[in-house]
1. Quick one: in the range 12-67, of everything that is surrounded by 10 or more Cβ atoms within 10 Å (Cβ to Cβ), among the aliphatic types (A, V, I, L, M) and more than 40 Å from the chain's Cα centre (by Cα), which residue is modelled with the lowest pLDDT?
2. With 80, 115, 124 as the choices, which residue is modelled with pLDDT of 80 or more and within 23 Å of the chain's Cα centre (by Cα)?
3. Right, residue 154: at pLDDT 85 or above, within 27 Å of residue 91 (Cα to Cα) and open to solvent by 100 Å² or more (accessible area, probe 1.4 Å) or not?
4. Report whether or not residue 144 is part of a helix (DSSP H, G or I), without any contact (Cβ under 8 Å) to a residue 24 or more places away in the chain and open to solvent by 80 Å² or more (accessible area, probe 1.4 Å).
5. What number goes with the only condition from (1) open to solvent by less than 100 Å² (accessible area, probe 1.4 Å); (2) at pLDDT 80 or above; (3) closer than 30 Å to residue 139 by Cβ that residue 101 does not pass?
6. Being over 16 Å from residue 91 (Cα atoms) and open to solvent by less than 100 Å² (accessible area, probe 1.4 Å) is the filter here; which residues of the range 121-141 pass it?
Amino acid sequence: MRKERKADDEGAIKRRELKREKNEKKHEKKRKKRSAADLDMKQTSQKKPKLATESSSEPKASENSRSAEDISFAPMAGLETGGKSKLKHMRKRDKLAAALEKAEKQKGDKSFEMEKMIKRAQGEKVLDDTKLLKKSLKSIDQKKLRSRKKWDQRIKQQKKSTADAQKKRQANIDARKAAKASKTKTKQKQQKNRR
């Protein structure tokens, strides 16, 4: 019996070792992928286009020691901070209103037209269509109004249901009191009749 158990234990040990090796290989592949991705990110971030104003006579600084002038920041799509949706909508409405005012002021101005073209080429959103801006502002206001109406209706319904529940409760209490009173009266009559 012990020999059989010992044989089973050896088989279990072998299985555990095989499983462990398999997991280690799997994790090693993941580590390699991560390190390769990190290297790619470092290489792409370290490439810096040379400007025409830079001369070749200037001494080259090492890639690790960068100055504050070399760093530039750009907006990244998809990275939004969490927050309340109401604030987000308010911000969006304010942005649209400001863009509408700006678009109306700049209508037909050549310098602003060029600026808009440059922004579009860079991939930024240019809010200059007054019809669309007005339409989006109107839709935001209508959504807000519908939401307010729904909320008011919900509150009215809630008040009505609580009032109905209170009436029902009071009716049940009154009925119980009446039943108890009639019960005591019948008991008193029965007691009088017995005497």
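1. The selected residue is 61.
2. It is 124.
3. Spelling it out, residue 154 is indeed at pLDDT 85 or above, within 27 Å of residue 91 (Cα to Cα) and open to solvent by 100 Å² or more (accessible area, probe 1.4 Å).
4. Criteria not met by residue 144.
5. (1)
6. Matches in the range 121-141: 121, 123, 124, 126, 128, 129, 130.
The values are calculated or read from the model by the stated rules, or taken from the named source; none is laboratory data. Predicted, not measured: the structure shown is a model, and the values here were computed from it. Quick reminder, even Gly has a Cβ in these numbers, built from the backbone with ideal geometry, and neighbours come from all protein chains shown. Heads up: the accessible areas ignore ligands, DNA and RNA and are worked out on the full protein's heavy atoms, side chains in. Shrake-Rupley method; radii C 1.70, N 1.55, O 1.52, S 1.80 Å.
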